[in-house]
Amino acid sequence: MDKMTTITNVEFGKMINAAAASLAANADKINKLNVFPVPDGDTGTNMSLSMASGAQYERDALDTHIGALAKATSKGLLMGARGNSGVILSQIFRGFSNAVEDKETLNARDLADALMSGAQVAYKSVMKPTEGTILTVIREAAAKANQVADETDDLVELMREINDAAHSALASTPDLLPVLKEVGVVDSGGQGLVFVLQAFYQVLSGDFSEEDIKAPDNAELDQMVKELHAGAQANSNLDPNDIEYGYCTEIMVQIGQGTTYDQKFDYDHFYQHLAGLGDSLLVINDDEIVKVHVHTENPGEVLSWGTHFGSLVKVKVDNMRDQQQAVIDEQRTEAVQATKVIPNVTTVVNTAVITIAAGEGVAELFKSLGVHTVISGGQTMNPSTADIVEAINASGAKQVVILPNNSNIFMAADQAVELADVSVKVVKTKTIQQGLTAMMGYNPEADVSINSKDMSAMLTEVKSAQVTKAVRDTNLDGREIKHDDWMGIIDGNIAVVTDKLQTTAIESVEKMLDEDSEIVTIIYGEDAKEKDAKKLEESILTIDSDLEVEIHNGKQPLYPFLISVE
C-alpha cells in the first residue's frame with residue numbers, strides 16, 4: 001500500500017461521493033437498527049438522503065480548493081438534512097468545513113483537526129448530548145485522529161486508525177446506552193457514521209473503485225429530476241426574471257455511435273465541461289448511454305457537446321421562465337377562485353403555522369384549524385431543512401410557528417429557524433395529536449412569541465397513542481414483542497402489546513383515561529376502516545358513557561389508529 005501525504009480535490013471528491021454511495025447501499029441495514037420495532041425506522045434513509053445532498057453540492061462546485069469543496073458539502077448537508085441523525089451529520093461536516101476553509105489540500109494534521117472540529121460542533125448542536133450515539137463515534141474517531149497525526153504523516157495509516165476507532169466506538173454503544181443492549185443492537189446513527197468514515201478509508205487505501213462511487217444508475221434520473229424541479233417550482237414567489245439559467249435541457253446520447261462521434265467518453269471530462277454551462281447538473285451513464293439534465297442559457301451548446309461522444313437519441317428543452325410565469329398565473333387564478341368558497345384564504349395573518357403530517361385526512365384536519373401549510377411527511381419520511389425553509393418562504397408570512405409533530409424533526413426545524421429570513425418559533429410537538437391540540441392555542445393575530453407560548457401550554461392537555469404493527473421480534477423494557485404484534489405507543493413508550501388491533505387500541509385508551517378525561521379522538525388510517533373506528537368507539541363508551549368520542553379519517557399510512565385523550 002502506497003503512502004499518501006496529501007489529499008487533493010480529487011481524493012476529497014471521491015471520499016464524499018463514496019460516503020454517499022456507502023450510505024445509500026446500507027440504508028436498509030441502518031434502518032433495521034431502530035430500537036423500536038416500528039415500520040418507520042428511517043435513520044439510514046435520513047442519513048443517506050442528507051449525505052446525497054452534500055455530495056451533489058460537492059459535485060456541482062467548480063472550485064478545486066478543498067476549503068470551497070468542504071463548504072459546498074457542508075451547505076448541501078445542511079439544506080438536505082433529514083431527521084436528527086442527518087442534522088448531526090451535517091453539523092459534523094460543518095465543523096469539518098470550518099477547520100479547512102483556508103486549505104488548498106489536506107495533510108494528516110489538517111484531517112485530524114477537521115474531525116476534531118466536527119466532533120466539537122456536533123456536540124454543541126445537541127442540547128443534551130447522549131453517549132452511546134453517533135456523538136460517541138465521532139468523538140472517539142476524532143480523538144484517535146488527533147493522537148495518530150502526531151505520530152505519522154501517512155493519511156492511509158491515519159484513516160485506517162480512524163476507521164478502527166470508529167468501529168470500536170460503535171461496538172461500545174450498547175454498553176453506554178442500556179436500551180441498545182436490551183434490544184441487542186448498536187446505535188443506528190453511529191453505524192451510519194462508521195460507513196462514512198469507512199468509505200473515506202477505502203478511497204484513500206484504493207479499495208473503493210470508481211464504479212462504486214459513480215452517480216446513481218439511469219433508472220433514478222427521472223426521479224432525481226422530478227425532485228429537483230419540485231423544489232424549484234415550490235417557490236411561487238420567484239420572479240421569472242431572476243432565473244439565472246432559463247432552459248431546462250435534457251439529452252440522451254448513445255455513446256460511440258453516429259457520424260459526429262469524435263471523442264472517447266470520459267465521465268469526469270464530460271461532466272466538467274457541462275458544469276461550466278449552467279447548474280442543477282445531473283449526468284448518469286452506463287456503457288452504452290449517457291443521460292444529461294442541466295439548467296443553462298445555451299441549450300445548443302449542451303447538444304453540441306453531446307454529439308462529440310455519440311448520437312443524440314433524445315432531446316428535451318423547456319423554457320423555465322415561461323413555466324414559472326405559468327405557475328404564478330395559475331396560483332393567482334386558484335387564489336381568486338378559492339376566495340369565493342373560503343373567504344379567509346387570502347386573509348393576512350400576523351403569524352402563520354406550518355406543520356408536518358402524513359395522510360390527506362390529517363392534513364385537512366390541520367387546515368380546518370387554521371394551519372397555513374402542511375408539509376407532507378413525518379413518521380415515514382422526515383422533511384429536510386430545505387423543505388421547511390422553502391415552506392416558510394413560500395408562506396409569505398412575516399412570522400411563523402412550526403409544528404414538527406415528530407421528535408425526529410426537531411433538529412431540522414431548529415436549523416430552518418436559523419436559515420429563515422423571518423421570525424420563526426418551533427413548538428416541540430411530538431405527535432400528530434399534540435399538533436392538533438396545540439392549534440387550540442393558536443391566535444392568527446398574535447405575535448409569534450405569544451403564539452409559541454400559548455400553543456406549547458396546550459400540550460399538557462393531551463395524551464397520545466399510536467397503534468401500529470411490530471416489524472420484528474425484540475425485547476424492550478422487559479416486554480417480549482413478536483413480529484406482527486400490535487403495539488400501543490403512548491407518548492413515546494410502548495405501553496400495550498397484543499396480537500389484536502382492537503384489543504391493543506382499547507387497552508391503550510384505558511391506560512390514558514383518568515377522572516379528568518372528557519374527549520377521546522380517533523383518527524383512523526389507511527389500514528383501518530370506519531367500522532373499525534366505530535367498534536372502538538363502542539368499547540370506549542362501555543368504559544365511560546360520559547366521554548365524548550370524535551372520529552376522523554386521517555388516511556395516514558402504517559398507523560391504523562392515532563388516538564388522543566383530553
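Every read-out reported here was derived from the displayed coordinates using simple, explicitly stated rules and does not represent laboratory data. Computed from a predicted structure; not experimentally measured. In this analysis, Cβ positions are derived from the backbone assuming ideal geometry, glycine residues included, and neighbour counts consider all displayed protein chains.
Tell me yes or no: at least one residue of segment 28-43 is surrounded by fewer than 22 Cβ atoms within 10 Å (Cβ to Cβ), without any contact (Cβ under 8 Å) to a residue 40 or more places away in the chain, in a helix (DSSP H, G or I) and at negative phi.
Yes, some residue in segment 28-43 is surrounded by fewer than 22 Cβ atoms within 10 Å (Cβ to Cβ), without any contact (Cβ under 8 Å) to a residue 40 or more places away in the chain, in a helix (DSSP H, G or I) and at negative phi.
So how many residues does segment 272-302 have that are without any contact (Cβ under 8 Å) to a residue 60 or more places away in the chain and not in a strand (DSSP E or B)?
12
When you look at Gly132, is it touching a helix residue (DSSP H, G or I) at 6+ places or on another chain (Cβ under 6 Å) and either surrounded by 24 or more Cβ atoms within 10 Å (Cβ to Cβ) or under 21 Å from Asn17 (Cα atoms) (or both), yes or no?
The answer is no for Gly132.
Which of the residues that make up segment 513-533 are among the aliphatic types (A, V, I, L, M) and either within 20 Å of Lys469 (Cβ to Cβ) or free of Cβ contacts under 8 Å to residues at least 40 places away in the same chain (or both)?
Result: Ile522, Ile523, Ala528, Ala533.
Would you check if Ser449 is within 26 Å of Lys128 (Cβ to Cβ) and surrounded by fewer than 18 Cβ atoms within 10 Å (Cβ to Cβ)?
In short, yes.
Name the residue that is farthest from Leu193 (Cα to Cα), counting only residues in segment 57-71 that are in contact with a Gly (Cβ under 8 Å, 6 or more places away or on another chain) and of a type outside the set (Phe, Trp, Tyr).
Leu62
Out of Lys469, Lys425, Lys463, Lys430, I need the residue that is without any contact (Cβ under 8 Å) to a residue 60 or more places away in the chain and not aliphatic (A, V, I, L, M). Which one?
Lys425
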